[in-house]
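Asks: Structure below; questions to follow.
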Amino acid sequence: MSKWSLIYEGFEPGKEDLREALCTLGNGYFATRGAAAEAEADNTHYPGTYLAGGYNRLKTEIAGRVIENEDLVNLPNWLPLTFRIDDGEWFDLKSVEILSYRQELDIKNGLLLRNVRFRDEKKRLVTMQNRRLVHMGNYHYAAQETTLIAENWSGRIEVRSALDGRVINAGVERYKELNAKHLEPLDTEKLDEETIYLEVRTSQSRTKIAQSAATRILKKGRSLPLKRTTVRESGYIAQHFTLEIAEGESVTIEKIVALFTSSDRGISECGLSAREALKQVGSFANLLESHVLAWKDLWRHFELKFESNKNSKGDRTPRILHLHIFHLLQTTSLHTKDLDVGVPSRGWHGEAYRGHIFWDELYIFPLLNYRIPAITKSLLMYRYRRLDAARKLARDTGHQGAMYPWQSGSSGREESQQLHLNPRSGRWLPDNSHLQRHINAAIAYNLWQYYQVTGDKEFLSFYGAEMLFELARFWASASTYNAEAGRYEILGVMGPDEYHDAYPDSTKPGLNNNAYTNIMAVWVLSRALELFEILDEVICRGLCEKIKIGEDEKRLWREITRKMKVPFHDDGIISQFEGYEHLHEFDWQAHRERYGDIQRLDRILEAEDDTPNRYKASKQADVLMLFYLFSSEELQEIFEGLGYPFEYETIPKNIEYYNSRTSHGSTLSRVVHAWVLTRSDRARSWKFFLEALESDVNDIQGGTTPEGIHLGAMAGAVDILDRAYTGLTVRNDVLWFNPVLPEEVGRLHLHIRFRGHSLEVDITGKKLQIRALACAGRPVKIGFIDRVFELKMGKDLDFELSS
C-alpha cells in the first residue's frame, strides 16, 4: 500500500459504514460518502450527500417535550447506478460469489476506485470496475464511471440510473427517534435522451436543491444510441436501458451529475443552472483531467513530507497524514472562500453532531493559516456574520457583548441539543453542554492567531477587532467580583471536559471557576486591550463609538486581568474547577477490568445510576489545554500578572496529575497530550500522536467514525508534526523554529506561507533548513531558539540541531 492510497481488500459488510465515511469524496461545497453506486441505505450501507451549510430544522415530541433540532440534511442521492443480466435480479454483492474485491481511495487524485470480480447463480463471470470523483475544480460537478466485462457469457444487460430524493436522515442510530424527513419533492423531468432532472426543497429552511444527471453508454470508446425508458415517482426519477454484450466484450457507463442550490451565488435560478450545466461539461475523461489538476495544485500547498527512521514502520504514518489532510481539504477547500459556512467538527461526511460547528476550529485553523489563510478568513467571516446573533444570545442570558453558541448551524443561534440519548441505558438526559462558554475564547484565539500569521490588519480593523471587543465585553460581564476573596470569578460554566457539568448532588448545572475558562477570559481581555496599540487611531475611535467602549470599561478589563481567580490544590496543581479537590478518586483499574473500553465513562456510569461528576475523572484534556495553546513564557506572564506563582515544575506536575485521571473519551484529547509532552517526554508524546493518528482509521471509539470523521483530531494530529515537533510559532512579527523531532522521525519537509511569503522547511535530526521561495517582498524575520535572522527572498538559512 502506497503513501497515497487507502486500500481495502475483500468485501466486509460489518465494516462498510466505516469505509464509506473514510472514502467520502468532497470539494468544500458538497460531499458524498463512499457507498457503492448500487447500494441503498440499510444495515450495511448508508449513501449520503451533504451540502456545506445545508441545514434544516424539525420538531419532535420526545420524553414528554417538544424539541427542535437543526440538522445537516442528507441530500438526494445522485449515485444510483446498477444493472441486471437477462431480466435477473438487480446486482447485489451479497447475492453473488465474490472472487476478488478491491476498493481504493486515491488520496493524491481525489478518486474512489473499486474493482470487483464475481460469479452469479448462473456461473456467469463478471468483472466490474468503478471510478468516482467529486470535482475539486468546478464544485457543482460529480461523476462516476463503471465498466462491465462479460468474461464467459453473452446476453442482455439492463442498466438503471437514477436520482433519488426520497432519502431521509438515518445515519446516526441514536437519532432514530427524531423526525428525519427534511426534503419535499418539487419536480422531476426528462431533459433529453441522456439527461434527467430532480428538484427538491428542504421543509423549513426552504432551500431548493436541483440535480441533473447525464448517463452515457460506451463500447470501444463510442457512445451507443439506446432507447431509454423513464420512471418517475414523487421525489425520484430513473432511466432504464438495455444493450447486448458478447463474451469477452466490455461496456462502460458514464454518469455525470450537476448539483445547484438556491443558496448559490452567481446564478439566476438553481433549476435553470442544473438544466444547463451538463450541456458543456464533456465526458468523464474531461472532468477527470481537470479534477486531478485541481488536486495537484492543492497538494503543492498542503503536502507534508514525512520520512520515518529505518527502524520505524513503512508507509502507514505518511499515508494517514495524507488521508487527514485530504479530508480537511474536502471539508474546507478553496471553494469555501465563496460560501457562508463554518467548519463542522465531523466534516461534511455524515450526520453526527448534526453537522454543527463547535470549537474544533482551534485544532483546524493552524494548518490553514500556514497554507491558504484565505480559507481561514472565510471561516472567521462565518462567525462575524453571526455577531448580532451572538449579541442577542448574550443579552438573553443576562450578559453584555457577544456570546457565541457552543453549537452553531445556519443562523448562529444555540443549536446544542436539550436532551441526549445514552445508548447504554436507553435514557434521554438533560444536555448542559451549552454551558461551554469557552467557545468564546476559542473564537478570539482563532482570529488572533490568523492575524499573527498573516499580519492581515485590514481584517483585524474591519471585522476581527469588533468581534474581539465584543467577546472581551462578554467575558467581563460574565465575571463576578468576590469582595471577600478580592478576586473575579466566572460561575456556572463547563470546561472542555464534558464529564463534569455540575457539582455532585446539585440540581443546578454548571461549575465555578473552571481554570481553563478563567485564564482564557484573562487572555481575551488582554488581547482586546492590546488592540488599542495595534489599530490605527481612526479605526479605534470608530469602533469605540460604534459599540460604545469607554475608558471605564477598559479600566474594568485591566482590573480583571490582574484579579481573576484561578483555583489550586495539592501544592501547585491547577484545579480543573473550584472544589475539584473534594471529588473522589476513581477506580480506573476496576472499570477497565469490567468494561474494557472506558473512553465513554460518562455513559457507563450513568447506566450504573452514577455520574462522573463525583470523580476526579476527565473525558479529555481541560487544564492541559493551557499548555497546548500557550508557551510557558506566556503562561508565566499571565499567572504572575494575576499574582499567582508559575514555577518550572508547574507544567510537568500538572501534566502527570491529569494524564492519570483522563479517559480520552474525546478524539481531541490525545492530540493535546501528545503536544504537551513534546519537550518533556518525546517517547510518550509520539505514542499519543500515533493513537491520535489512528482515531478514525481504526474507529477507536467503536462506531463513531461511520457517522462522520473527527476533523479536529485529524487536523490536530497533522499539526503536531507541523508545529509541535518543529517548534513553529509567531511572536513579535518573527517566525520562530525550535525543532524537537522524536527519534522515529527521520525527516520532515513542509511548504508554508508566512505574511505573503512562501517558505520551504526541511528538518532532520541534525539540520534545519529554511528557504524563501523567490518573490517580490521584504525579507522575513526568522527566529531560531533565541536569535533572530533576516531571510531574503530566494535565499536559505541553515541551522545545526543538537540531539
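The values are calculated or read from the model by the stated rules, or taken from the named source; none is laboratory data. Treat the numbers as computed from the prediction; the structure is a model and nothing was measured. Note that each Cβ is placed from the backbone with ideal geometry, even for glycine, and that neighbours are counted across all protein chains shown. Surface areas here come from the heavy atoms of the whole protein model, side chains and all, with no ligands, DNA or RNA. Shrake-Rupley method; radii C 1.70, N 1.55, O 1.52, S 1.80 Å.
Asks: Cβ-Cβ below 7 Å, separation at least six or inter-chain, first residue in segment 240-253 and closer than 14 Å to R84 by Cβ, second at pLDDT below 95 and outside any strand (DSSP E or B): which pairs?
Replies: Correct list of pairs: F241/L226; F241/K227; L243/L224; L243/L226.
Asks: Search segment 136-168 for residues being touching a Lys or Arg at 6+ places or on another chain (Cβ under 8 Å) and under 19 Å from W348 (Cβ atoms), and hand back the single one that is most open to solvent (accessible area, probe 1.4 Å).
Replies: Taking the candidates together, the pick is I168.
Asks: Now a separate question. Can you report the number of residues in segment 592-611 which are open to solvent by less than 10 Å² (accessible area, probe 1.4 Å) and more than 28 Å from I720 (Cα to Cα)?
Replies: Count: 2.
Asks: What are the residues in segment 508-523 that are under 16 Å from K565 (Cβ atoms) and either acidic (D, E) or touching a helix residue (DSSP H, G or I) at 6+ places or on another chain (Cβ under 8 Å) (or both), if any? Before the answer, list the steps.
Replies: Here is the first cut: in segment 508-523, the ones under 16 Å from K565 (Cβ atoms) are 510-523.
Selection gives G510, A515, Y516, T517, I519, M520, A521, V522, W523.
Asks: Within the set of pairs 6+ apart or on separate chains, which have a first residue in segment 52-67 that is assigned to a strand (DSSP E or B) and modelled with pLDDT of 90 or more, a second that is of a type in the set (A, V, I, L, M, F, W, C) and open to solvent by 70 Å² or more (accessible area, probe 1.4 Å), and C-beta atoms under 7 Å apart?
Replies: These pairs meet every condition: K59/V66.
Asks: Consider L797 carefully, then state whether it is of a type outside the set (V, I, T), at pLDDT 95 or above and either closer than 30 Å to Y8 by Cβ or within 22 Å of the chain's Cα centre (by Cα) (or both).
Replies: Working: of a type outside the set (V, I, T): yes; at pLDDT 95 or above: yes; either closer than 30 Å to Y8 by Cβ or within 22 Å of the chain's Cα centre (by Cα) (or both): no.
In short, no.
Asks: Just to be sure, is F241 touching a helix residue (DSSP H, G or I) at 6+ places or on another chain (Cβ under 7 Å) and either open to solvent by less than 20 Å² (accessible area, probe 1.4 Å) or assigned to a strand (DSSP E or B) (or both)?
Replies: No: the conditions fail for F241.
Asks: A follow-up question, please. Among what's in segment 202-226 and is in a loop (DSSP other than H, G, I, E, B) and more than 14 Å from D192 (Cβ to Cβ), pick the residue that is most open to solvent (accessible area, probe 1.4 Å).
Replies: It comes out as K220.
Asks: If you check E498 against the conditions, is it under 25 Å from R661 (Cβ atoms), among the acidic types (D, E), assigned to a loop (DSSP other than H, G, I, E, B) and out of contact with any strand residue (DSSP E or B) (no Cβ under 7 Å at 6 or more places or on another chain)?
Replies: Criteria met by E498.
Asks: If you go through segment 25-36 one residue at a time, do you hit one that is at negative phi and free of Cβ contacts under 8 Å to residues at least 24 places away in the same chain?
Replies: For segment 25-36, residues at negative phi and free of Cβ contacts under 8 Å to residues at least 24 places away in the same chain: absent.
Asks: Open to solvent by less than 40 Å² (accessible area, probe 1.4 Å), aliphatic (A, V, I, L, M) and part of a strand (DSSP E or B): is that true of L447 in this structure? Steps first, answer last, please.
Replies: Details: open to solvent by less than 40 Å² (accessible area, probe 1.4 Å): yes; aliphatic (A, V, I, L, M): yes; part of a strand (DSSP E or B): no.
Answer is no for this residue.
Asks: Within segment 377-403, count every residue that is within 25 Å of S461 (Cβ to Cβ), open to solvent by less than 60 Å² (accessible area, probe 1.4 Å), touching a residue at least 40 places away in the same chain (Cβ under 8 Å) and in a loop (DSSP other than H, G, I, E, B).
Replies: The number of residues fulfilling the criteria is 3.
Asks: Could I ask something else about it? Considering only residues that are more than 33 Å from the chain's Cα centre (by Cα) and among the small types (G, A, S), which ones fall in segment 556-578?
Replies: Of everything in segment 556-578, just one residue is more than 33 Å from the chain's Cα centre (by Cα) and among the small types (G, A, S), namely G572.
Asks: Restricting attention to segment 451-496, and to residues there that are open to solvent by 10 Å² or more (accessible area, probe 1.4 Å) and of a type in the set (F, W, Y), which single residue is nearest to P405 (Cα to Cα)?
Replies: In this case the residue turns out to be Y463.
Asks: Could you please give the count of residues in segment 75-101 that are touching a Phe, Trp or Tyr at 6+ places or on another chain (Cβ under 7 Å), closer than 14 Å to A35 by Cα and in a strand (DSSP E or B)?
Replies: 1
Asks: When you scan segment 408-418, do you find a residue that is in contact with a helix residue (DSSP H, G or I) (Cβ under 6 Å, 6 or more places away or on another chain), without any contact (Cβ under 8 Å) to a residue 40 or more places away in the chain and of a type in the set (D, E), even just one?
Replies: yes
Asks: Also, I was wondering about something else. Mind listing whichever residues of segment 449-504 are farther than 13 Å from K377 by Cα, among the acidic types (D, E) and without any contact (Cβ under 8 Å) to a residue 60 or more places away in the chain?
Replies: Scanning segment 449-504 gives a single hit, E484.
Asks: Something else now. Please verify whether segment 533-554 includes one or more residues that are closer than 30 Å to S666 by Cα and crowded, with 16+ Cβ neighbours inside 10 Å.
Replies: Checked segment 533-554: no residue is closer than 30 Å to S666 by Cα and crowded, with 16+ Cβ neighbours inside 10 Å.
Asks: While we're looking at this one, here's another question. Can you pull out every residue in segment 593-616 that is among the basic types (K, R), within 21 Å of P423 (Cβ to Cβ) and either more than 30 Å from the chain's Cα centre (by Cα) or part of a loop (DSSP other than H, G, I, E, B) (or both)?
Replies: Of everything in segment 593-616, those that are among the basic types (K, R), within 21 Å of P423 (Cβ to Cβ) and either more than 30 Å from the chain's Cα centre (by Cα) or part of a loop (DSSP other than H, G, I, E, B) (or both) turn out to be R594, R600.
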